[in-house]
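See below for the structure under consideration.
The values are calculated or read from the model by the stated rules, or taken from the named source; none is laboratory data. Since this is a predicted model, take the numbers as computed values, not measurements. A quick note on method: Cβ atoms are made from the backbone with ideal geometry, for glycine too, and the neighbour counts reach across all protein chains shown. Calculation scope for accessible area: heavy atoms of the full protein, side chains included, ligands and nucleic acids excluded. Shrake-Rupley method; radii C 1.70, N 1.55, O 1.52, S 1.80 Å.
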Amino acid sequence: MASTMLFSFFFHLVLLLLISIPPPSSAAAAALAPNNSVLFREYIGAEFNGIKFSDVPINPSVDFHFILSFAIDYSSDGSSSTNGDFNVFWADNLTPDQVSAIKNHHSNVKVAVSLGGASVGNGSPVYFNPSSVDSWVNNAVISLTAIIQRYHLDGVDIDYEQFRADSDTFADCIGKLIMTLKNNGVISFASIAPFADEDVQKHYLSLWKKYGEYIDYVNFQFYAYDSSTTVSQFLSYFETQRWNYKGGRVLVSFGTDPLSGGLKPEKGFFTACKSLKKQGKLQGIFVWSADDSKSNGFRYEKTSQYMLTDYSP
C-alpha cells in the first residue's frame, strides 16, 4: 500500500513538472530548424549591355546581393597587371548614384564588388600576379577602399581564376586584404568563387585553410561542371564542396549565359534545390548573370527567390 502511494506521488509530480515546462521560444525553435537561407546573389555588369539594377526583380523576403563584375588590378586599358592597384571594369551605367538608389528603394539589397574574373579588355586572361604580398595588399587596400566608398558597396567577392603566384602567396594576399578591409570597417562580408579545377581549388583551399574565418560565403561555380550534369551528380558535387569548404556557407548556382554548363534550371536545378532544402542544406542561390538573364525576363531569378522563401513542405 505504501509503495503504491509513493509511486502515485512521484507519477503526479513528474506529470506536474512536464505540464509546467513552457513551449520553446521562437528563437529556440529557429535554432532547431533546418539550416536553410534566404540569400540570393547575382553578378551584374560584365557584358555592357545596358543592364540596370532596377531591371532585376527583387523579392522583398530574400537577402539580395548584387555583385558588380569586375574590379581588376590591371591598367585601365587592360594591357598590364598593376600589383593590387584596382580599376573598375563593369558597365559604366552602374554608377554610384544607381547603387545608392537601388539600396534606398530596397532595404534588403546589398551590393558587392567581384575581384578578378576570367578575362579583361579584348578577352585577354586575368592573372593574379603580385610583386610581393605586402606591396599587393597595401595597393589593394588603398585602391579598393576608394572604390568601395565611392560606390557605397558592402562587400567583396574573390573570383581570380588564373595565377602567376603559388597558393600560399594567393592565400596571404587575399586573406590579409579581406581581414584588413573588415577590420577597417570598409566591408561587412566577403565571398570566394572557386570551381572544380585542380589549380583553382589548390589556391582557394589554401586561402580557406588559412583565412576561412573571414570568408562569409562560398559562391561555388557549379555551372563550370559539364552541361550533361544530372540532379544526382549535382547533389554529389555539392556534398564534395561542402566537405572541401567545411563549415562554410556553400551556395548553389547556375548560369544563364549560353556557355555555362552544370545543371540548368530547365533540367532539374530546382529539383536539386528542393532536395537540399528538405535536408536543411540550401545556404543560398547565386546566378551568373543578370546581363544574360535580361533577354528572358529574369524567369529563373524569380523562381529562385520564390524557392528560397517558400516554407511549404
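Worth a mention:
- Three-way shape call for region 256-313 based on the alpha-carbon gyration tensor, with the a/c threshold at 1.5: prolate
- Rounded, prolate or oblate (a/c below 1.5 giving rounded, otherwise prolate when a/b exceeds b/c) for region 56-100 by Cα gyration tensor: prolate
- Length-normalised contact order of region 42-184 in % [C-alpha pairs under 8 Å, at least 6 apart]: 25 percent
- Angle in degrees between helix 167-183 and the longest Cα principal axis of the chain, rounded to the nearest 10: 70 degrees
- Here log10 I(q)/I(0) by the Debye sum over Cα atoms at q = 0.07 Å⁻¹ was computed from the coordinates, and among (i) -0.32; (ii) -0.35; (iii) -0.24 the match is (i).
- Cα centroid separation, region 168-190 to region 253-276 (Å): 31 Å
- Our Cα-only numbers for region 170-288 put the radius of gyration and Dmax at 14.8, 45 Å.
- Helical contribution to [θ] at 222 nm, DSSP H n ≥ 4, -39,500 (n - 2.57), averaged over the chain, rounded to 500: -12500 deg cm²/dmol
- For a modelled paramagnetic label at Asn296, 7 Å from Cα along Cα-to-Cβ, the residues of region 232-264 in reach, with backbone nitrogen under 17 Å, are 253-264.
- Fraction of accessible area attributable to carbon and sulfur, region 180-258 (%, probe 1.4 Å): 46 percent
- Crossing angle, helix 269-278 versus the chain [Cα axis fit, 0-90 degrees, rounded to tens]: 40 degrees
- Between the helical axis of 231-244 and the longest alpha-carbon principal axis of the chain there is an angle of about 90 degrees.
- Nonpolar atom fraction for region 45-161, defined as the carbon and sulfur part of the 1.4 Å probe accessible area, stands at 44 percent.
- Listed peptides 296-307, 69-80 by packing density, highest first (mean Cβ within 10 Å): 69-80, 296-307
- Sequence-distant contacts, meaning Cα pairs under 8 Å at least 6 residues apart, place the relative contact order of the chain at 19 percent.
- Per residue accessible area of the chain, 1.4 Å probe, in Å²: 47 Å²
- Structure remark: mean-square fluctuation, Gaussian network model of the chain, C-alpha springs under 10 Å; the largest value among Gly84, Gly185, Gly116 belongs to Gly185.
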